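The next block holds one structure in the form of structure tokens; read it before the comments.
The values are calculated or read from the model by the stated rules, or taken from the named source; none is laboratory data. A quick note: this is a predicted structure, and the numbers were derived from the prediction, not measured. Glycine also receives a Cβ, built like all others from the backbone with ideal geometry; neighbour counts cover every protein chain displayed.
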Amino acid sequence: MKTNFPALIEAQSLVKIGDIVGAESALATMAETEGDHALVAALDEFPAKDLLAIIREYDTSKESLVNLLVTPEQFAKAVVLEKRYGDLSHEQLRGMINSVIFREGADPAEFLYEIGELDGGYDALVDYLSERTKRVEHFYRYGTFDLFEYGDEVKTQAIDDDLMNLSGDTDASLSPQDMANVIDHDWMEVTYILRFQLPELFREVLLKLRTRYQNSAQALEDAEAEMLAKDEDDEDAPKNEKEDKGDEEESAL
């Protein structure tokens, strides 16, 4: 790796041997000796996969200098690679996104926009929200995350055709409870920002969420049908064996 920053070479070597704490410490030391701007510039040369290895090991009990200084562009390049870890729960993805985009002084919408601009960015955001599909859909239609509330249906209920012409100017109001809950530095706030600040990105993410949810539901339905058919075959088997035995005995007589 050609670089004017020896600390990057050290950090990359430490990532390769699995010493994530040491790698982060090397970068932090660089910022302390050469300044924050030097670290930000250096991260442009740092491989996205190695940056991801550091960021995804966030620790909520302490501040990470890398998380505090990484730019939206640098962060986006790392986020789209997270799927390589095969984390089906996507908890690490949620944690690292929340820890960076909601840091003090950051503009979450800028980070989300940069993620959406990259190949794989939509899928990363879908992974982030995949466990909340029903509530994201409900929020889109009724302006509330509470599945048992429907807001002002005449005013806020959205139809599918509206999704294709979605804008940030929709006159939809949140209930006082949702307005209080939406500032959660988590998936609700992300959904709100996507819906009202990045409507085109929200549209694509919601369409993908719907497709994934429908595919999952269909797969579950097929599995249940297959299991039911197997149970029916198992119930019929003894009966058929008994009939075959009876036929054999009658033939012997």
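Assorted remarks:
- Among the residues listed as 180, 229, 172, the single one being assigned to a helix (DSSP H, G or I) and either at pLDDT below 75 or over 22 Å from residue 99 (Cα atoms) (or both): 229
- Matching residues, the stretch 2-27, being assigned to a helix (DSSP H, G or I) and among the small types (Gly, Ala, Ser): 7, 11, 13, 22, 23, 25, 26
Okay, residues lined up against (1) among the aromatic types (Phe, Trp, Tyr); (2) touching a residue at least 60 places away in the same chain (Cβ under 8 Å); (3) in contact with a Phe, Trp or Tyr (Cβ under 9 Å, 6 or more places away or on another chain):
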position: 33; (1), (2), (3): no, no, no
position: 36; (1), (2), (3): no, no, no
position: 48; (1), (2), (3): no, no, no
position: 58; (1), (2), (3): yes, no, no
position: 67; (1), (2), (3): no, no, yes
position: 88; (1), (2), (3): no, no, no
